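Enquirer: Attaching a single structure in C-alpha cells format; questions to follow.
The values are calculated or read from the model by the stated rules, or taken from the named source; none is laboratory data. Just so it is clear, the model here is predicted, and its values are computed rather than measured. Note: ideal-geometry Cβ built from the backbone for every residue, glycine included; neighbour counts use all protein chains shown. For the accessible areas, the whole protein counts, side chains as well, though only heavy atoms, and no ligand, DNA or RNA atoms are used. Shrake-Rupley method; radii C 1.70, N 1.55, O 1.52, S 1.80 Å.
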Amino acid sequence: MLPSPVLLLFVGAVCLSTLAGCGGPEQPAKVVRSCFGTTMGTEYTVRVVAPAGEPDWPALQQEIDSRLEAISRQMSTYLPDSEISRFNRYKGRDWFPVSAEFARVVAAGLEVSRSTHGAFDVTVGPLVDLWGFGPAGRPDDVPADEAIAACRARVGYERLEVRAEPPALRKQRPDLDIDLSAIAKGFAVDEVARIVEQYGIRAYMVEIGGEVRTRGRKPDGGSWRIGIERPVATAREIQWVVELDDRSLATSGDYRNFFEQQGRRYSHEIDPRTGRPVEHGLVSVSVLAGDCMTADAWATALIVLGPEAALPAARQQGLDVLCMIHTREGWLEQTTPGFAARLRPVER
C-alpha cells in the first residue's frame, strides 16, 4: 500500500512520552515506552512493555532507524539509487543480483500474484506511474486508452523470475518495472518487530503508516487496541476498535490517496488486469495475519478483487478480514468470525 495511514492507534490510558526517540521520564518497570520516527514517506511508532531489566533504548532506536533506512534503500522507487530503481532501469535479461531481503519480498509478492491470478501484481509499476501515483506525480489528464494498453503490455508477474541463492531477479521483458509499495511496509514492520524481540522484549506494538504487528499484552493485561477508520474522505473517524495480541493487521482503502477530474474519482488502488483504478463498492479491507507482510499484501489484493470475490478468497487463504462496502443503501460490512470476535465498539 502507498504511504497513506489508514489506522489510528490506541493503547489505553498509559501515559506516553511525546518526545522524539525512545523512552522519556523515569518510570517503573513494566510500563509502555515508545519510539517514534519517519520512514517510507510516513511515520512509525514502536510501543513496548519494558521488561524489568531495561534494554539499551538509544541503541534500540538507532538499530530500528538503520534497518528502516536500509529497507528504503532496497525497496523505495522514490530513491533513484535504491535496488528497485536500479533493477527497473536495467534493460537486460540476465540475472540481476539483489539483496536476500529484496528477493524474499519479491518472492512473497509473486506468491500472492499467483494466488490471485494477477489481481495483485508486483510488476504493476508502469501503471502506478502512468496514473500518477509514483515518483513522477500526477498527470495533467486521465491516461488515454492507448497509453493504458501500452502499459498493460509491460505488466505481468509471469515475466518476472526470482531466486534465493544467490539472490537475484530476472526479467523476461526488458522494460518490466516492479513496485513493492503494497508489501514493503508490512515487511518493514516485521523487521522492526524482529529487532525489538532481539532486545528481550516480549510485548510490543509496531506500526508503520497504519500497518501493525503486536505481541503480548499491555501492562494491565489488556490487548493492544487498534482503531479502524470509517472509510470516508471527508473526515477521520473511528468505525471499530480491534483488540490484538500476537497478530498483525493491515488495511487498504481507496478513500485517502486519489485524485479527481471532471467529477470522477481515481483511486491509487489499480487493478493490474484492467490497467485502471478500481471502481467497485469495496472501499476498505482490513486483514489479520501472523506476519505483517502477508497482511499488507493481501489487503491490497482483496480490495482489487472486489466485493464479490474478496471474502471467498480470504477464507480460501485462511485469513480473517473485515470488508467495508459502499452501497446505495449505505455501508455494508462483511467479516469472518475470527475478525468479528476481536471487534469492539467505539466509545463515543
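Enquirer: Tell me which residues come under 5 Å, amide H to amide H, from Val98 once H is placed; ignore anything under 5 positions away on its chain.
Expert: Ala168, Leu169
Enquirer: What length, rounded to one decimal in nm, is gained on full extension from Arg315 through to Arg163, with 0.36 nm per residue of separation minus their alpha-carbon distance?
Expert: Using 0.36 nm per residue and subtracting the Cα-Cα distance, I get 51.8 nm.
Enquirer: Okay, next question. So, for the chain, what is the accessible surface per residue at a probe of 1.4 Å, expressed in square angstrom?
Expert: For the chain, the solvent-accessible area averages 43 Å² per residue.
Enquirer: Within the chain, what is the longest stretch that has no GluC sites (Glu not before Pro) placed in a DSSP loop and near at most 13 other beta-carbon atoms within 10 Å?
Expert: 27-236
Enquirer: Next question. May I ask you to derive the relative contact order of the chain, considering only C-alpha pairs under 8 Å and at least 6 residues apart, and to give it as an integer percent?
Expert: Relative contact order, the chain: 18 percent.
Enquirer: Of all trypsin sites (Lys or Arg not before Pro) in region 153-185, which ones are in loop regions per DSSP and have a Cβ with at most 14 other Cβ atoms within 10 Å?
Expert: Sparse-neighbourhood loop trypsin sites (Lys or Arg not before Pro): none present.
Enquirer: I would also like to ask the following. Using alpha-carbon positions, what is the distance between the centroids of region 273-313 and region 38-90, in Å?
Expert: About 25 Å separates the Cα centre of region 273-313 from the one of region 38-90.
Enquirer: Can you compute 3J(HN,Hα) from phi for each residue in region 147-156, using the Karplus curve 6.51 cos²θ - 1.76 cosθ + 1.60 with θ = phi - 60°, rounded to whole Hz and x for Gly and Pro?
Expert: Calculated HN-Hα couplings, in order: 5, 5, 4, 5, 5, 4, 5, 9, 10, x Hz.
Enquirer: Rounded, prolate or oblate: pick one for region 28-84, where a ≥ b ≥ c are the square roots of the eigenvalues of its C-alpha gyration tensor, a/c under 1.5 means rounded, and failing that, prolate if a/b is larger than b/c, else oblate.
Expert: Note, shape of region 28-84 comes out prolate.
Enquirer: Under the rule of at least 5 residues apart or a separate chain, name every residue whose amide H is placed under 5 Å from the amide H of Arg230.
Expert: Amide H neighbours of Arg230, under 5 Å, 5+ apart: Glu237, Ile238, Gln239.
Enquirer: Follow-up. Quick one: Karplus J couplings for region 87-95, per residue in order, coefficients 6.51, -1.76, 1.60, θ = phi - 60°, nearest Hz, x for Gly and Pro?
Expert: 5, 5, 6, 5, 10, x, 10, 7, 5
Enquirer: Moving on. Could you tell me how many degrees, from 0 to 90 and to the nearest 10, lie between the Cα long axis of helix 292-305 and the main elongation axis, the longest principal axis, of the Cα atoms of the chain?
Expert: The answer is roughly 40 degrees.
Enquirer: Taking only DSSP H segments of four or more residues, each worth -39500 (n - 2.57), what value at 222 nm results for the chain once the sum is divided by all its residues, to the nearest 500 deg cm²/dmol?
Expert: About -8500 deg cm²/dmol.
Enquirer: Hey, another quick one. Give me the one-decimal nm value for the distance between modelled label points at Glu111 and Glu43, 7 Å along each residue's Cα-to-Cβ direction.
Expert: Each label point lies 7 Å from its Cα, and together they span 3.3 nm.
Enquirer: Check which residues have an amide H placed less than 5 Å from Val346's amide H, if you skip close sequence neighbours.
Expert: Amide H to amide H, under 5 Å and 5 or more residues apart or across chains, Val346 pairs with Val241.
Enquirer: Hey, can you rank 127-134, 300-307, 199-206 by average C-beta count inside 10 Å, highest first?
Expert: Packing order, densest peptide first, comes out as 300-307, 127-134, 199-206.
Enquirer: Something else now. Please compute the Kirkwood hydrodynamic radius over the chain, one decimal place, Å, based on all pairs of different Cα atoms.
Expert: After inverting the mean inverse Cα-Cα distance, the result is 20.7 Å.
Enquirer: List, in order, the whole-Hz ³J(HN,Hα) value for each residue of region 110-124 obtained from phi through the Karplus relation with A = 6.51, B = -1.76, C = 1.60 and θ = phi - 60°; use x for Gly and Pro.
Expert: 5, 5, 5, 4, 5, 5, 9, 6, x, 5, 10, 8, 6, 9, 6
Enquirer: Take the solvent-accessible surface of the protein heavy atoms, probe 1.4 Å, and return the percent of it on the chain that carbon and sulfur atoms account for.
Expert: Here it works out to 50 percent.
Enquirer: Okay, moving on. If we count every other residue with Cβ under 12 angstrom of Arg73's Cβ, Lys/Arg +1 and Asp/Glu -1, where does the sum land? Intermediate results must be reported in sequence, preceding the final value.
Expert: Working: positive: Arg67, Arg86; negative: Glu69, Asp81, Glu83, Glu101.
Spelling it out: positives minus negatives among the neighbours equals -2.
Enquirer: Another question about this same structure. Assuming 0.36 nm per residue, please report the length gained on full extension of the stretch Asp56 to Asp140 beyond their Cα-Cα distance.
Expert: That works out to 25.2 nm of additional length.
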